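Have a look at the structure below, then the notes.
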Amino acid sequence: MASDTLVVEGTGSDVDDAWTAARRSLAGLPGGGLNIAHEAVDRHAADPGVRGRTALRVLDRDGDAHELTYGELARRSSRFASVLDRLGVWPGDRVATLLGPDADLYVAALGILKAGAVLAPLFSAFGREPVRTRLELGGVSVLVTTPELYRRTVQPIRDDLPGLRHVLLTGPMLDGLLDAADPDRPITPTAPGDAALLHFTSGTTGAPKAALHVHEAVVAHLATARSVLGLRTDDVYWCTADPGWVTGVSYGIVAPLVVGATAVADTRPFDVRRWYRVLAEQRVTVWYTAPTALRMFMARGGQEARRYDLSALRTIASVGEPLNGAVVEWALEVLGLQVHDTWWQTETGAIMLATPADEEVRPGAIGRPVPGIEAAVLAQGPDGRARIDDGHVTVVGGSAQGELALRPGWPSLFRGYFGDPDRTAACFADGWYLTGDVVRRDRDGWYRFVARADDVIKTAGHLVGPFEVESCLMRHPAVAEAGVIGVPDPAAGALVKAFVVLRAGIEPSRELRADLLGYGRRELGAVAPRSIALVPDLPHTRSGKVMRRLLRTRELGLPDGDLSTLENPS
Ligand code: 6R9
C-alpha cells in the first residue's frame with residue numbers, strides 16, 4: 001500500500017482536515033502501510049539529526065537516570081521483534097506486558113508492534129484474578145513480565161492458561177535473547193486498519209472488555225499531542241499514568257515518541273516529594289498527570305512546592321477523573337500554572353474534549369471537543385443512559401445536560417471489543433458513539449463532567465468494574481453474594497467498597513472480614529475493595545440484579561429515589 005493512501009477519503013467537512021494534517025506529517029512504512037512503532041522510533045532513527053536524541057530517560061529504583069536514544073530504542077525494539085519471531089509469534093497474535101514503566105516495557109511494546117503483533121498491556125499491580133481473566137479474554141500467547149511479578153502473579157495461574165505459550169522474563173533471560181537477536185529486523189508491514197493495541201477496560205456487568213485499536217490510532221495520538229498538550233521535539237515530557245492503562249501507552253509511549261520529544265519514565269511508586277524532585281531535576285516541560293496526584297500535591301501544602309525549581313515546566317494537563325476547580329486554583333497559585341483538563345476513554349483511544357495548552361482554563365470545566373471531533377449531548381432515559389426510541393436518539397442543542405456522544409470516524413476510535421460484537425454494538429446508536437458519561441454543556445460549547453451513567457468505579461484514575469470484584473468475592477467459601485460500589489474519597493475520588501452477604505450458617509466476625517479483605521487483596525491486587533461491610537441482605541431489582549445505585553444512595557445517606565424496579569425495598 002502506498003503511503004499516500006493513508007489520506008483516507010473524507011466526508012468533505014472540516015472535521016477531516018484536522019486529521020489530514022497529522023496524517024501528512026507521518027512517514028508511512030517504506031514499502032507502504034502504517035506502523036505505530038515506525039512512526040514512534042524508526043523514522044526518527046533514520047534521520048541523522050534525530051538519531052542521537054534522547055527518546056527515553058528511565059529513573060531506576062535508586063533514582064539514577066538511564067537514557068536511550070532514538071537510534072538505540074529503534075535497534076533494541078527490532079531485536080525484540082526478532083525474539084518474537086523465534087517464539088513463533090505471527091501478525092495479529094496478542095502479546096501482553098505485565099511491566100512497570102521501565103526501558104524493557106518501551107522495548108517490548110515497540111517490538112510487539114514491529115512484529116505486527118497486538119500489544120495487550122496489563123496493570124502490574126493487578127492480582128492473579130484480573131490477570132488471568134484478561135490473558136484469557138485476549139487469547140494472549142506470549143507474556144512479558146519481571147521474574148518477581150511472574151512468581152507473585154502469573155505462576156499460580158499458569159496451569160489455567162493453556163493458550164499462554166511463552167513467558168519472557170526481563171533480566172538475564174530477555175537480555176540474553178535480545179543480545180543474540182537481529183537489530184535490523186525489518187518491520188512487518190501493517191496497514192492503517194490492522195490491529196495494534198488491545199486495552200482492557202471494565203463495564204457495569206459481565207467480564208472486562210478488550211478494546212481493540214489499530215495502527216491508524218497514531219494519527220490521533222500525534223494530532224492531540226500537538227494540539228492539546230502542545231508537545232514539541234525539544235520537550236522533556238512526563239506522563240505519570242501507569243503503562244497498564246490506556247493513557248500510559250497512548251500518551252506515555254506513543255505520543256511523546258511520535259512527536260520526537262524525550263519521555264521521562266519513573267519506575268518508583270508515587271510520592272509527592274519525589275515527584276517534585278523528578279519535575280525539577282529532569283527539567284520536565286510538559287507534565288500529563290491525574291487529579292488524584294494533584295490532590296495529593298495539594299494536601300501536602302504549598303510550602304513543599306517552593307523548595308523546587310519548577311521553572312522548566314510549561315504545561316500541566318490532567319486526565320482520568322473529574323478535575324476539581326479547587327485543584328486548578330491551587331496549581332495556579334502554588335505552581336504558577338493552569339491545569340488543562342482532558343477527557344477521553346479507553347474506547348476513544350485519544351483525547352476528545354480538552355482545554356488545549358494554549359487556552360485559558362475555566363476551573364471546573366473540561367473544555368471543548370478537539371479539532372476533528374464532533375460531540376453531542378443526548379437526552380437521557382430513566383436509566384440515565386441516552387434515550388433510544390426506535391433506534392433514534394435525541395440530540396439536545398445549546399446549553400444542555402445528558403449523555404455525551406461522539407460522531408464515529410476519528411482515527412483512534414476502537415474497532416470493537418475483542419470477541420464481543422454484541423457489547424460493541426451496544427456502544428453505538430443512530431450514528432453516534434455513546435460514552436456512558438453524563439455531561440453538561442454551557443452556551444459557549446464548554447463541557448463539564450457530571451457523572452458516569454453506569455456503576456463503573458474510578459479510583460485513583462483507574463477504572464474498576466464492580467462485577468469483576470463481586471464475582472471474585474463470591475468465589476470465597478463464606479460469601480453468598482456481594483455488591484460493590486465506589487464511595488467518595490477526597491484523594492482518590494472514590495474507593496471500592498463491598499457489601500457482602502454470608503452463606504447460611506456463617507456468622508459475621510471481625511476475623512472473617514479481615515480474611516475477606518486479605519483474600520481480595522491477594523486475588524485482585526490494586527482493584528480489591530478497601531472496605532467490606534457484612535450485611536444480612538442486598539437490595540435487588542425484580543430481575544434479580546443487585547441494586548448498586550441503592551447501596552450507593554444509602555451509603556451516602558441520600559434519598560432512595562425511584563424504587564419502582566426494586567424487589568425488596570426495605
Ligand atoms: C483515559 C481514561 C474513562 C472514564 C470516562 C470518565 C472518566 C476520564 C475525565 C473523566 C472527568 C475527565 N474520565 N477523563 N472524568 N473528567 N477529564 O481515563 O480512560 O480508564 O477508559 O476511563 O474516565 O468517566 O468515561 P478510561
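Picking from 558, 108, 525, whose Cα lies most toward the positive end of the charge dipole for the chain (charges on Cβ: Lys, Arg +1; Asp, Glu -1)?
525
Could the peptides 460-472, 164-176 be put in order, highest first, of the mean number of other beta-carbon atoms found within 10 Å of their residues?
Highest mean packing first, the order is 460-472, 164-176.
For the stretch 457-555, with only Lys/Arg (+1) and Asp/Glu (-1) charged at the beta-carbon, what is the dipole magnitude about the Cα centre, in debye rounded to 20?
With only Lys, Arg, Asp and Glu charged at Cβ, the dipole is about 260 debye.
Based on the alpha carbon coordinates of the chain, what radius of gyration and maximum Cα-Cα distance (Dmax) apply, in Å?
So, for the chain, Rg and Dmax equal 23.4, 73 Å respectively.
On the protein heavy atoms, probe 1.4 angstrom, tell me the percent of accessible surface of the chain carried by carbon and sulfur.
On the way: 11400 of 22520 Å².
Accessible surface attributable to carbon and sulfur in the chain totals 51 percent.
Could you tell me which of 135, 157, 146 has its Cα farthest along the dipole of the stretch 135-174 towards the positive end, charges placed at Cβ (Lys, Arg +1; Asp, Glu -1), taken about the Cα centre?
The listed residue farthest towards the positive side: 146.
Any idea what Rg and Dmax come out to for the stretch 374-454 if you just take the C-alpha atoms, in Å?
12.6, 41
Starting at the first residue of the stretch 48-53, write each ³J(HN,Hα) from the Karplus equation 6.51 cos²θ - 1.76 cosθ + 1.60 with θ = phi - 60°, in whole Hz, x for Gly and Pro.
Working through the residues one at a time gives x, x, 10, 2, x, 6 Hz.
Taking Cα centroids, how far is the stretch 129-148 from the stretch 41-117 in Å?
Between the Cα centres of the stretch 129-148 and the stretch 41-117 lies a distance of 20 Å.
Per residue, how many Å² of accessible area does the chain show with a 1.4 Å probe? Working shown, then result.
On the way: 22520 Å² over 570 residues.
Ligands and nucleic acids excluded, the figure is 40 Å² per residue.
Determine the distance separating the Cα centre of the stretch 369-395 from the Cα centre of the stretch 155-227; give it in Å without decimals.
About 32 Å separates the Cα centre of the stretch 369-395 from the one of the stretch 155-227.
Could you give the size of the charge dipole of the stretch 82-163 about its Cα centre, using +1 on the Cβ of each K and R and -1 on the Cβ of each D and E, expressed in debye and rounded to the nearest 20?
On the way: 9 positive and 9 negative charges, 7 e Å.
Dipole of the stretch 82-163, to the nearest 20 debye: 40 debye.
Quick one: dipole size for the chain, taken about the Cα centre, charges +1 on Lys/Arg Cβ and -1 on Asp/Glu Cβ, in debye to the nearest 20.
Dipole of the chain, to the nearest 20 debye: 940 debye.
So what are the three principal axis dimensions of the stretch 351-501 from its Cα atoms, in whole Å, longest to shortest?
54, 39, 30
For the chain, build the charge dipole from Cβ charges (+1 Lys, Arg; -1 Asp, Glu) around the Cα centre, then report which of 54, 257, 377 sits farthest towards its positive end.
54
Please state, to two decimals, what the Cα-based radius of gyration of the stretch 457-555 comes to when divided by 2.2 N^0.38 Å (N = residues).
Numbers: Rg = 12.8 Å, N = 99, 2.2 N^0.38 = 12.6 Å.
Here the Cα radius of gyration is 1.02 times the empirical estimate.
The values are calculated or read from the model by the stated rules, or taken from the named source; none is laboratory data. Because the structure is predicted, anything quoted here is derived from the model rather than measured. Every residue, glycine as well, gets a Cβ built from its backbone with ideal geometry; the counts of neighbours run over all protein chains shown. Note: accessible area is taken over every heavy atom of the protein model, side chains too, but ligands, DNA and RNA are not part of it. Shrake-Rupley method; radii C 1.70, N 1.55, O 1.52, S 1.80 Å.
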